[in-house]
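Below you'll find the structure, written out as structure tokens, and then a few comments.
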Amino acid sequence: MSKHLEDNNLIARWMDNRLSNEEKEQLKGSGELDALKTVIEEIDTWKVKPFDVDKGLTRLKEANKTVVPIKNNNKNWLRIAASIALLLSCGLVWYFMANHATTVVTEIAEKKTIELPTGSLVELDAASSIAYNKNDWENSRMLTLSGQAFFNVTSGAPFVVKTNTAQVTVLGTQFNIRTQNNDFTVFCYEGKIEVKHLGSSEIITKGQSVMLTGGKLQKSTHKSSGPEWLNGVSTYDKTPLNSVITDIKRYYNVDVNLPEEYKSLQFTGTVAHNDLANSLSVIFTTMEIPYSLQDGNTVIFE
């Protein structure tokens with residue numbers, strides 16, 4: 001990895017979905033992003049026998065019994081220290097390889113369909129990611145989500161989705177989760193879902209939703225049969241403009257620095273994901289906010 005990328009933690013922040021548009025372009029242009037994706041996909045195919053920590057410690061103790069230290073011989077002590085370090089390092093590597101998470105990441109304007117080991121499907125929206133343990137999936141159907149995804153879950157053991165703000169638990173159902181920074185919304189389209197946040201919880205069924213507002217879970221209803229973003233559009237009803245712009249950045253490689261006085265304004269309307277100029281016009285012209293699009297990807301407010 002180049003020193004510039006390492007100093008700025010670009011790789012780590014890319015995996016955590018915390019890069020700006022400019023940093024994403026910089027990372028993509030470096031060529032290291034493609035190499036990292038290749039490594040991640042290759043690691044997912046590895047099959048390694050789980051490391052037995054107890055046996056490893058026993059062998060290490062037995063090995064130490066056979067070492068006869070020689071006074072004032074620094075080379076022997078260095079060899080012993082190096083051997084112990086190697087044993088411990090191998091143990092950690094084996095343990096990580098046996099328990100590592102499978103990570104799937106989407107870029108701006110990219111969507112992916114992921115089939116989980118037991119047949120459940122995840123439709124991952126743009127600029128989002130999921131991580132789960134493929135090797136232990138049948139025992140623990142648990143994954144973490146950043147961004148937005150639609151889930152079609154097969155029946156079986158409890159299916160748990162964790163985000164940075166709340167946790168969703170289901171048995172078999174269809175639902176959509178949207179999480180971005182502190183925003184969190186769940187729509188249930190089939191079955192029953194339990195949503196937990198801190199010490200509170202809400203159970204919702206088909207036609208119901210839960211939103212995290214002011215640190216509290218609030219139930220509501222909806223009439224949609226599925227998430228509209230799967231069809232390339234997003235519909236908003238009195239949604240804070242800042243949240244709408246967050247979605248725009250998910251579907252377009254565009255730089256929008258929304259002025260503070262506009263962030264809390266509410267937008268109602270439908271925005272497409274395949275025409276940036278039209279989407280910006282629908283939002284800002286409708287709200288009578290003067291703006292211009294420069295260089296094809298930078299919004300300037302007048």
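No value in this document is a laboratory result; all are computed from the given coordinates. Treat the numbers as computed from the prediction; the structure is a model and nothing was measured. Positions of Cβ are backbone-derived with ideal geometry, glycine not excepted, and every protein chain shown enters the neighbour counts.
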Along each principal axis, Cα extent of region 100-154, largest first, Å: 33, 23, 12
Net +/- balance of residues flanking residue 170 in space, Cβ distance below 15 Å, scoring K and R +1, D and E -1: +2
Label zone at residue 297 (point 7 Å along Cα-to-Cβ), backbone N below 16 Å, region 126-146: 127
Label point distance in nm, residue 194-residue 261, each placed 7 Å from Cα along Cα→Cβ: 4.9 nm
Hull shadow area, averaged, region 232-301 [alpha-carbon convex hull, nm²]: 4.0 nm²
Cα-derived Rg to Rh of region 102-221, Kirkwood definition: 0.94
Highest to lowest packing among 266-273, 232-239, 176-183, scored as the average C-beta count within 10 Å: 176-183, 266-273, 232-239
